[in-house]
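The values are calculated or read from the model by the stated rules, or taken from the named source; none is laboratory data. It should be emphasised that the depicted structure is a prediction, and the values quoted were computed from it without experimental measurement. In this analysis, Cβ positions are derived from the backbone assuming ideal geometry, glycine residues included, and neighbour counts consider all displayed protein chains. We work out accessible area using only protein heavy atoms, side chains counted, and drop any ligands, DNA or RNA first. Shrake-Rupley method; radii C 1.70, N 1.55, O 1.52, S 1.80 Å.
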Amino acid sequence: MKPKHQRLMLGLAALAAIGGASGLALSALKDQAAFFYTPSDVATKNPEIGKAVRLGGMVEAGSIRHLPDGVTISFVVADKEAKVPVRFTGVAPDLFKEGSGVVAEGKFTADGGFVADNLLAKHDERYMPPEIAKKMPSPETLAK
């Protein structure tokens, strides 16, 4: 085989390898393309139990409860259409409060709840992407 044909075959093999790797990466990320699920997304998509995901929404007013162990809190993350109960063990961020935005990183449980490993409190809802902002209730709505 001529060197010209060898280079051509090597180039085609490299392109096929890159295409295969890209395809595998895209298939692995297809469900994680969004930054986080909203409670209404959870109701319609039914995320896999035990799979690490992010859940984002507003902390429902009156829903924060401190459990007797002193380090576990339970609360409800809501949007305009759905609610998800969340349990978190650890130190909550200073900005975490009722009526504020939150992103919880963790896993869904079989009973429809969410166990968070990490909480990220959002300081201001004005900087939310428009497609997400449409799904979130206003803090005034949650306070009722």
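Here is how the numbers come out for the structure above:
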item: Rg ratio (alpha-carbon, reference 2.2 N^0.38 Å) - the range 1-100; result: 1.84
item: Å² of accessible area per residue within the range 22-86, as computed with a 1.4 Å probe and no ligands counted; result: 58 Å²
item: Of LYS45/LYS80; LYS45/LYS97; LYS51/LYS83, those spanning more than 21 Å from alpha-carbon to alpha-carbon; result: LYS45/LYS97
item: Most to least packed among 69-77, 3-11 [average Cβ atoms within 10 Å]; result: 69-77, 3-11
item: √(5λ) per eigenvalue of the Cα gyration tensor, the range 60-104, largest first, Å; result: 18, 11, 9
item: Charge dipole (the range 3-83, unit charges on Cβ, about Cα centre) - positive-most of ILE64, ALA52, ALA28; result: ALA28
